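Enquirer: Got a structure for you, questions after.
The values are calculated or read from the model by the stated rules, or taken from the named source; none is laboratory data. Treat the numbers as computed from the prediction; the structure is a model and nothing was measured. Positions of Cβ are generated from backbone atoms using ideal geometry, with glycine treated the same way; all protein chains shown enter the neighbour counts.
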Amino acid sequence: MFEVTGAPVSPAAAAALIVVRANGRTPQILLLKRSSAARFMPNAYVFPGGAVDGEDASDGVYGLCAGLGDVDASERLGLPAGGLKFFVAAVRESFEECGLLYAYEAAGRMPDLASWPPGRLRELRAALNGGRSGLAALCREHGWRAAVDRLIYFSHWITPAHMKRRFDTRFFIARAPQNQIASLVGEEMSDLIWVEARDALANFAAGRLELMFPTRTLLGQIAAYDDVDALLDFAQRPRQITPIMPTMSDL
């Protein structure tokens, strides 16, 4: 499943978003299944996310972020600068991969994408995925601002040093936007499920769900909470988040 190399490889910056909604009050987590043809973690169920790209750190998109600038974002992530790009990447990847858009309209509400023609949403997401458009252009066209202030920094993982493809990933958590429906576009992902953390872990133990070590660990933390508000309250508390680098045997 993982390609290794003799010399250490520098990790690429990446971001992932743990999207949570209430089933009654119990947290349900959104997981996407990577396709069997994926170069990295094929068939594994993962949180929406991916590598930070060039525009994620641009002045154009930074100027369209709501409630959080690079200074505060970097402080939250324990970085001297450049922290906002991780928040931006998580917002962009969420929309590209599962169609959930963390953005504000002029009135301060999140867009009611459930009322949009599905074909129009697919076009927008395909344009982002294919590099024909960017998050900044999307926001300017519709008068939106990226709701980076909705994302709560949750965890930090770095893939082992001798993996051929390495990522330095910041994980965020956020409540799912209302009036939006998660869906797949393209061939990168082959399935989408909402599942309680305990059920996901039980399905992994029974061999019905492929979960990598970081995903299992984070789901284990989430499983301790029976209430979405309590989970998000924990996530927002001041705490020291240190990077975790698992070994190859962990994976």
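Enquirer: Please work out which residue is nearest to LYS33 (Cα to Cα), limiting yourself to the stretch 185-207 and to residues that are assigned to a loop (DSSP other than H, G, I, E, B) and in contact with a helix residue (DSSP H, G or I) (Cβ under 8 Å, 6 or more places away or on another chain).
Expert: Applying the filter and picking the extreme gives GLU188.
Enquirer: Another question, if that's okay. Could you tell me which of the residues ALA235, ALA182 is assigned to a helix (DSSP H, G or I) and under 16 Å from the mean Cα position of the chain (by Cα)?
Expert: ALA235
Enquirer: Whether any residue in the stretch 171-178 is part of a loop (DSSP other than H, G, I, E, B), within 16 Å of the chain's Cα centre (by Cα), buried (at least 17 other Cβ atoms within 10 Å of the Cβ) and at pLDDT 95 or above is what I want to check.
Expert: yes
Enquirer: Quick one: count up the residues across the stretch 159-170 that are in a loop (DSSP other than H, G, I, E, B) and modelled with pLDDT of 95 or more.
Expert: 0
Enquirer: Another question, then. Out of ALA107, ALA103, report the one residue that is of a type in the set (A, V, I, L, M) and either under 21 Å from SER155 (Cα atoms) or modelled with pLDDT of 95 or more (or both).
Expert: Unique residue meeting the criteria: ALA103.
Enquirer: I would also like to ask the following. Being surrounded by 16 or more Cβ atoms within 10 Å (Cβ to Cβ), at pLDDT 95 or above and in a loop (DSSP other than H, G, I, E, B) narrows it down to one residue among LEU17, LEU32, LEU68; which is it?
Expert: None of the other options fit; the residue is LEU68.
Enquirer: ASN23 is checked against (1) at pLDDT 95 or above; (2) surrounded by fewer than 21 Cβ atoms within 10 Å (Cβ to Cβ); (3) more than 19 Å from LEU184 (Cα to Cα); (4) not small (Gly, Ala, Ser) and fails just one. What number does that condition carry?
Expert: That leaves (1) as the condition not met.
Enquirer: Restricting to the stretch 73-108, name every residue that is touching a residue at least 60 places away in the same chain (Cβ under 8 Å) and either out of contact with any helix residue (DSSP H, G or I) (no Cβ under 7 Å at 6 or more places or on another chain) or not in a helix (DSSP H, G or I) (or both).
Expert: ARG76, GLY78, ALA90, GLU93, SER94, GLU97, CYS98, GLY99, LEU100, LEU101, TYR102
Enquirer: Could you figure out which of (1) part of a loop (DSSP other than H, G, I, E, B); (2) closer than 17 Å to ALA16 by Cβ; (3) of a type in the set (A, V, I, L, M) isn't true of LEU219?
Expert: Going through (1) part of a loop (DSSP other than H, G, I, E, B); (2) closer than 17 Å to ALA16 by Cβ; (3) of a type in the set (A, V, I, L, M) one by one, LEU219 breaks only (1).
Enquirer: Also, I was wondering about something else. When the residues of the stretch 129-148 are narrowed to those that are in a helix (DSSP H, G or I) and under 25 Å from ILE173 (Cβ atoms), which ends up modelled with the highest pLDDT?
Expert: Ranking the candidates gives VAL148 first.
Enquirer: OK, next. How many residues does the stretch 35-61 hold that are surrounded by fewer than 21 Cβ atoms within 10 Å (Cβ to Cβ) and part of a helix (DSSP H, G or I)?
Expert: 5
Enquirer: What are the residues in the stretch 188-214 that are farther than 14 Å from ALA44 by Cα, in contact (Cβ under 8 Å) with a residue 40 or more places away in the chain and not small (Gly, Ala, Ser), if any?
Expert: TRP194, VAL195, GLU196, listed by residue number.
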